[in-house]
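The values are calculated or read from the model by the stated rules, or taken from the named source; none is laboratory data. Computed from a predicted model, the values in this text were never measured in an experiment. Please note: Cβ atoms are built from the backbone with ideal geometry, for glycine as well, and neighbour counts cover all protein chains shown. Ligands, DNA and RNA are stripped out before the accessible areas are found, and what is left, the full protein with its side chains, is counted by its heavy atoms. Shrake-Rupley method; radii C 1.70, N 1.55, O 1.52, S 1.80 Å.
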Amino acid sequence: MSTVSLIQLNKNFKEISAVSDFDMFIEDKEFVVLVGPSGCGKSTTLRMIAGLEDITSGTVKIDDRIINNVHPKDRDIAMVFQNYALYPHMNVFKNISFGLRARKYPKNEIELKTRKAAEILDLTELLERLPGELSGGQKQRVAMGRAIVREPKLFLFDEPLSNLDAKLRHKMRAEMKKLHQKVQTTTIYVTHDQIEAMTLADRIVIMRSGVIEQIGTPYEVYHEPANHFVAGFIGTPTMNFIDCELEKTQPGLHCQLSGGSSFQLDHFQLNEEIGPSREMYIGIRPEDLIHVTSKRENLISIDAQLEVVEPLGAETLLICKGDFGEITGKSNQARGLQWGESIEFEINPDRIHFFDKKTRKRLRRII
Ligand SMILES: Nc1ncnc2c1ncn2[C@@H]1O[C@H](COP(=O)(O)OP(=O)(O)OP(=O)(O)O)[C@@H](O)[C@H]1O
Ligand SMILES: [Mg+2]
């Protein structure tokens, strides 16, 4: 069993604050993904845990043991990087078993552990091959094999799939998940790809400029984003944001969009008191803006002009321009739609988010 405590972790590079006050407790067997834009401090956080970077202040613990001053090789951590440099002159078996041989494990134990790792990673048939004779995904699996034979307390992955093409990435993502289900080792995984984060993680940590913006399950960060940044970062295509003014009415709320359109939300109450005409962003995900062809009563809707149709096969995206700016919605029947046509989108009121324009925080809803 291994839990990880990251307590008020800070890293400064001279005057640059790369990571500030990173605070998190990671459960045994948990798969945690750090995600965020380039330069937000993901790798630095991971490297501090691995011992490859000095900690400016704060504490790293594995179980109850503080490891701040423990040498990287004595931390019982295995790390897999984006550039997984295999030894080109060694076959797969030798690459996987390299760490065990260096540590002078008995021969039969090396044999056993390496074959077991190869089996987990579906590499048994390839043990005699040289890296030059493998595909990108197979090489990446060998790199993972090298990490798992050591049976470490903790796995750290830094963008391990970045060098692979889209299809292989998708396949390897599923492999990662299977691997975790089999070996159940506590894992911290870094990526800048929010889909990878959503599909792999038990919990996601969303970072920006060295600061944690939100920690939550994939469901939470998607449906209950803490703020405007998280809401825009998670989800493809990205959430639509429109400037609006909110006014409290009896009952509910009146929402006045910039540009003139407005609608009434009768069954809607926010947990924060809003003054007269409070300035907000309204946030609606494309899948919650559905193109409607016939007018129904009590429909909460907005109109916009069609600019681009993007058929994705299973569904179609409609990129439209309204007097409030550009929005992306969805349609189930996109045949025959014309450029410039007026499109009405139904809004699901249960999926609307409001973000305070000043604090950028999401206002939580009571009703
Ligand atoms: N050795 C260093 N010296 C000075 N600044 C550094 C050093 N390493 C990282 N930084 C800075 O610290 C910040 C965080 O870098 P880090 O590599 O952790 O980002 P990241 O989230 O992993 O980004 P990416 O997605 O591009 O890999 C960046 O502003 C970076 O320029
Ligand atoms: Mg990085």
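Selection of segment 30-87 for residues being in contact with an Asp or Glu (Cβ under 6 Å, 6 or more places away or on another chain) and aromatic (Phe, Trp, Tyr) yields Phe31, Phe81.
Pairing residues of segment 196-220 that are assigned by TED's automatic domain parsing to the domain that holds Leu164 with residues that are basic (Lys, Arg) and not in a strand (DSSP E or B), at Cβ distances under 8 Å and at least 6 apart in sequence or on separate chains, gives Glu196/Arg169; Glu196/Arg173; Thr199/Arg173; Thr199/Lys177; Leu200/Arg173; Leu200/Lys177; Met207/Lys42.
Only one entry of Asp165, Asp158 meets the criterion of being open to solvent by less than 40 Å² (accessible area, probe 1.4 Å) and of a type in the set (D, E, K, R), and that entry is Asp158. Tell me, yes or no, whether segment 16-28 has at least one residue that is within 16 Å of ligand 1 (Cβ to nearest atom), of a type in the set (Asp, Glu) and at pLDDT below 95. Within segment 16-28, not a single residue is within 16 Å of ligand 1 (Cβ to nearest atom), of a type in the set (Asp, Glu) and at pLDDT below 95.
Given the criteria in a strand (DSSP E or B), open to solvent by less than 50 Å² (accessible area, probe 1.4 Å) and touching a residue at least 12 places away in the same chain (Cβ under 8 Å), does Leu100 qualify?
Against the criterion (in a strand (DSSP E or B), open to solvent by less than 50 Å² (accessible area, probe 1.4 Å) and touching a residue at least 12 places away in the same chain (Cβ under 8 Å)), Leu100 does not qualify.
Inspection of segment 37-51 finds no residue satisfying the criterion of being more than 12 Å from ligand 1 (Cβ to nearest atom) and open to solvent by 30 Å² or more (accessible area, probe 1.4 Å). Taken residue by residue, segment 352-362 has at least one member that is surrounded by 13 or more Cβ atoms within 10 Å (Cβ to Cβ), more than 26 Å from Pro251 (Cβ to Cβ) and of a type in the set (D, E, K, R).
Residue pairs whose Cβ atoms lie under 6 Å apart, separated by 6 or more positions or on different chains, with the first residue in segment 326-340 and surrounded by 10 or more Cβ atoms within 10 Å (Cβ to Cβ) and the second acidic (Asp, Glu), are Lys330/Glu287; Lys330/Glu315.
Could you tell me whether Glu287 is open to solvent by 40 Å² or more (accessible area, probe 1.4 Å) and in a helix (DSSP H, G or I)? Spell out how you get there, then give the answer.
Values: open to solvent by 40 Å² or more (accessible area, probe 1.4 Å): yes; in a helix (DSSP H, G or I): yes.
For Glu287, the condition - open to solvent by 40 Å² or more (accessible area, probe 1.4 Å) and in a helix (DSSP H, G or I) - is met.
Does segment 12-21 include one or more residues that are part of a strand (DSSP E or B), within 16 Å of ligand 2 (Cβ to nearest atom) and open to solvent by less than 50 Å² (accessible area, probe 1.4 Å)? Looking through segment 12-21, at least one residue is part of a strand (DSSP E or B), within 16 Å of ligand 2 (Cβ to nearest atom) and open to solvent by less than 50 Å² (accessible area, probe 1.4 Å). Of the residues making up segment 238-248, just one is open to solvent by 20 Å² or more (accessible area, probe 1.4 Å), touching a residue at least 60 places away in the same chain (Cβ under 8 Å) and either farther than 16 Å from Lys321 by Cα or among the acidic types (Asp, Glu) (or both), namely Asp243.
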